[in-house]
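Asker: Before we start, here is the structure in question, set down as structure tokens.
The values are calculated or read from the model by the stated rules, or taken from the named source; none is laboratory data. Owing to the predicted nature of the structure, the values given are computational and were not obtained by experimental measurement. Cβ: placed from backbone, ideal geometry, glycine included. Neighbour counts: every protein chain shown. Side chains included, ligands, DNA and RNA excluded: accessible areas come from the protein's heavy atoms. Shrake-Rupley method; radii C 1.70, N 1.55, O 1.52, S 1.80 Å.
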Amino acid sequence: MNAHRGSAVLSSATLKVQPAATGLTENHRLRLFSGSANVPLSQEVARYLGMDLGPMIRKRFADGELYVQIQESIRGCDVYLIQPTCQPVNDHLMELLIMIDACRRASARQVTAVIPYYGYARADRKTAGRESITAKLVANLITQAGANRVLAMDLHSAQIQGYFDIPFDHVYGSPVLLDYLASKKLPDLVVVSPDVGGVARARAFAKKLGDAPLAIIDKRRQAHNVAEVLNVIGDVKGKTAVLVDDMIDTGGTIAAGARLLREEGARQVYACATHAVFSPPAIERLSSGLFEEVIVTNTIPMPESSRFPQLVVLSVANLLGETIWRIHEDTSVSSMFR
């Protein structure tokens, strides 16, 4: 499938996974529902699985309280609720909790929270006195609401899986990103981690790109959403640099990294991230000419106002759909990423 910049949502059809078995709609024990956070992604997942999204009423009372009602019997069913906790984070998180509670009270056999983007993940430990560890708080809320299992994609910190005392499946958007990059046949690749904390992610990414060399950007963060880049560890001169991160929020870190890579002689700079949070002024930074392309996935919905010429959006719907099918059939999920 051809990639179109700025407005394309690409299919992950070339993933090395087997299509879900036909006749899934005959399996009455699996039900798929979508919250309001990313309905288009949920619809793509449902199409991959050969089924429809379950009917559900979502509305607000006059004072802003959320109301959810499942519109079909789910007694004894395995229910999958797709809801990234993206902006507005609090509303979407609360909606997910209400959906879980509604399914539990409707006697669902098992409730799986499918969270393509896990919000509040950046506060995963205390770095100063009197701070909250919100990643653990959200884990507690989801568990106490009644979820039996969680499926999430590209957590900000892998250790967040340990905050849950229920089964947790952690999948990665990298196969979709890698497939797209491989199709471009970029010369003289070097994979760059935007900070020391992302080295493991970048190293795994580089290994999948034919053991491409690795470089690291050394930075000092002065405050939240503010980064000071110091230098590059590794050789990027005359090469095509691919910056890899789990998310792009305000774009400050990755834009500063791209600027430094240009100064160090990189011929081209690409940015890859699973989650396009894109808080202001990310669009201005990312569209300033520093990047040949900014490659993200559709775990978070992308409004037209956030699109720019260098942006390429890839779909993870097939990957999520295959994962849901494998969980439901009790087959291996990790084998998808070997």
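Asker: Got the relative contact order for the stretch 141-221 handy, in percent, Cα pairs under 8 Å and 6 or more residues apart? Each step should come with its number before you reach the end.
Answerer: Values: 80 pairs, mean separation 18.9, N = 81.
Relative contact order of the stretch 141-221: 23 percent.
Asker: Next up: Accessible area, 1.4 Å probe, largest first: how do ILE100, ILE57 sort?
Answerer: Details: ILE100 0, ILE57 60 Å².
Reading off the accessible areas and sorting them downward yields ILE57, ILE100.
Asker: Taking every pair of alpha-carbon atoms in the stretch 41-119, what share in percent sits in each 10 Å bin, from 0 to the bin with the longest distance?
Answerer: 17, 49, 31, 2
Asker: Considering only DSSP states other than H, G, I, E and B, which trypsin sites (Lys or Arg not before Pro) in the stretch 139-198 qualify as loop sites with at most 15 other Cβ atoms within 10 Å? Walk me through the numbers on the way to the answer.
Answerer: Details: sites: ARG149, LYS184, LYS185; in loops: LYS185.
Sparse-neighbourhood loop trypsin sites (Lys or Arg not before Pro): LYS185.
Asker: Based on the alpha-carbon gyration tensor of the chain, what equivalent-ellipsoid semi-axes (square roots of 5 times the eigenvalues) come out, in whole Å, largest first? Intermediate values should be presented prior to the final figure.
Answerer: On the way: eigenvalues 241, 101, 65 Å².
Equivalent-ellipsoid dimensions as semi-axes: 35, 22, 18 Å.
Asker: Report the label-to-label distance for SER36 and SER332 in nanometres (one decimal), using points 7 Å from each Cα along the Cα→Cβ vector.
Answerer: Placing both labels 7 Å beyond Cα along the Cβ direction yields 4.2 nm.
Asker: How much space per residue, in cubic angstrom, does the convex hull of the C-alpha atoms of the stretch 170-315 take up?
Answerer: Details: hull volume 15.4 nm³, N = 146.
Convex hull of Cα atoms, per residue: 105 Å³.
Asker: Working out 0.36 nm times the residue gap between ARG125 and ASP188, then minus their Cα-Cα distance, what length gain in nm do you get to one decimal?
Answerer: On the way: separation 63, 0.36 × 63 = 22.68 nm, distance 3.77 nm.
Full extension from ARG125 to ASP188 adds 18.9 nm.
Asker: Please report the carbon-and-sulfur percent of the accessible area for the chain; probe 1.4 Å, protein heavy atoms only, DNA, RNA and ligands left out.
Answerer: Details: 7470 of 15380 Å².
For the chain, the apolar C and S fraction of the accessible surface comes to 49 percent.
Asker: Show which aspartates and glutamates lie in cross-link reach of LYS237 when reach means a straight Cα distance below 20 angstrom and same-chain residues fewer than eight apart are skipped.
Answerer: The qualifying aspartates and glutamates are ASP188, ASP195, ASP211, ASP218, GLU263, GLU264, GLU292, GLU293.
Asker: Next up: Compute the length gained on full extension between ASN90 and GLU263: take 0.36 nm times their separation in residues and subtract their Cα-Cα distance, giving the result in nm to one decimal. All intermediate terms of the calculation are to be shown ahead of the outcome.
Answerer: Values: separation 173, 0.36 × 173 = 62.28 nm, distance 4.00 nm.
This chain segment gains 58.3 nm when fully extended.
Asker: Please express the Cα-Cα pair-distance distribution P(r) of the stretch 60-172 as a list of whole percents, one per 10 Å bin, running from 0 to the bin with the greatest distance.
Answerer: 14, 45, 30, 9, 1
Asker: Also, I was wondering about something else. Take the Cα radius of gyration of the stretch 120-219 and divide it by 2.2 N^0.38 Å, with N its residue count; two decimals is plenty. Kindly include the intermediate steps, with their values, before the conclusion.
Answerer: On the way: Rg = 16.8 Å, N = 100, 2.2 N^0.38 = 12.7 Å.
So the stretch 120-219 has a normalised radius of gyration of 1.33.
Asker: Which of the GluC sites (Glu not before Pro) found in the stretch 249-338 are loop residues per DSSP with 14 or fewer other Cβ atoms within 10 Å of their Cβ?
Answerer: Numbers: sites: GLU263, GLU264, GLU284, GLU292, GLU293, GLU304, GLU322, GLU329; in loops: GLU264, GLU292, GLU329.
Here the sparse-neighbourhood loop sites are GLU329.
Asker: Let me ask something else. Between GLN144 and ALA158, what length comes free when the chain is fully extended (0.36 nm per residue of separation minus the Cα-Cα distance, one decimal in nm)?
Answerer: Working: separation 14, 0.36 × 14 = 5.04 nm, distance 2.12 nm.
Result for the pair: 2.9 nm of gain on full extension.
Asker: I'd like the Kirkwood hydrodynamic radius of the stretch 266-320, using the inverse of the mean 1/r over distinct C-alpha pairs, in Å. Each step should come with its number before you reach the end.
Answerer: On the way: mean 1/r = 0.0849 Å⁻¹.
This gives a value of 11.8 Å.
Asker: Counting only other residues whose beta carbon sits under 11 Å from that of CYS77, what net charge do I get with K and R as +1, D and E as -1? Write down the numbers at each step before the final one.
Answerer: Values: positive: ARG29, ARG31, ARG75, ARG109; negative: GLU72, ASP78.
Around CYS77, the charge tally is +2.
Asker: Only loop residues by DSSP count here, and only those with at most 14 other Cβ atoms within 10 Å; note down the GluC sites (Glu not before Pro) in the stretch 24-83 that meet that.
Answerer: Details: sites: GLU26, GLU44, GLU65, GLU72; in loops: GLU65, GLU72.
Answer in residue order: GLU65, GLU72.
Asker: Under 25 Å between alpha carbons, and skipping anything fewer than 8 positions from LYS136 in its own chain: which lysines qualify?
Answerer: Qualifying lysines at Cα under 25 Å: LYS126.
Asker: What FRET efficiency, computed as 1/(1 + (r/R0)^6) with R0 = 35 Å and r the Cβ-Cβ distance, is obtained for ARG104 and ARG60, rounded to the nearest 0.05? Present the calculation step by step, with values, prior to reporting the outcome.
Answerer: On the way: r = 22 Å, r/R0 = 0.63.
Computed FRET efficiency for ARG104 and ARG60: 0.95.
Asker: A follow-up question, please. Using only protein heavy atoms and a 1.4 Å probe, report how much of SER287 is accessible, in Å² to the nearest 10.
Answerer: Looks like 50 Å² after rounding.
Asker: Quote the FRET efficiency, to the nearest 0.05, computed for SER305 versus ASN231 with a Förster distance R0 of 30 Å and r equal to the Cβ-Cβ distance.
Answerer: Values: r = 36 Å, r/R0 = 1.18.
Once the sixth-power term is evaluated, E becomes 0.25.
Asker: Can you tell which of ASN298, ASN148, ASN318 shows the greatest fluctuation in a Gaussian network model of the chain with Cα springs below 10 Å?
Answerer: Result: ASN148 has the largest fluctuation of those listed.
Asker: Let me ask you something else. Enter the accessible area per residue of the chain (Å², integer; probe 1.4 Å; all protein chains in place). Could you put the intermediate results ahead of the total?
Answerer: Values: 15380 Å² over 338 residues.
Heavy-atom SASA per residue in the chain reads 46 Å².
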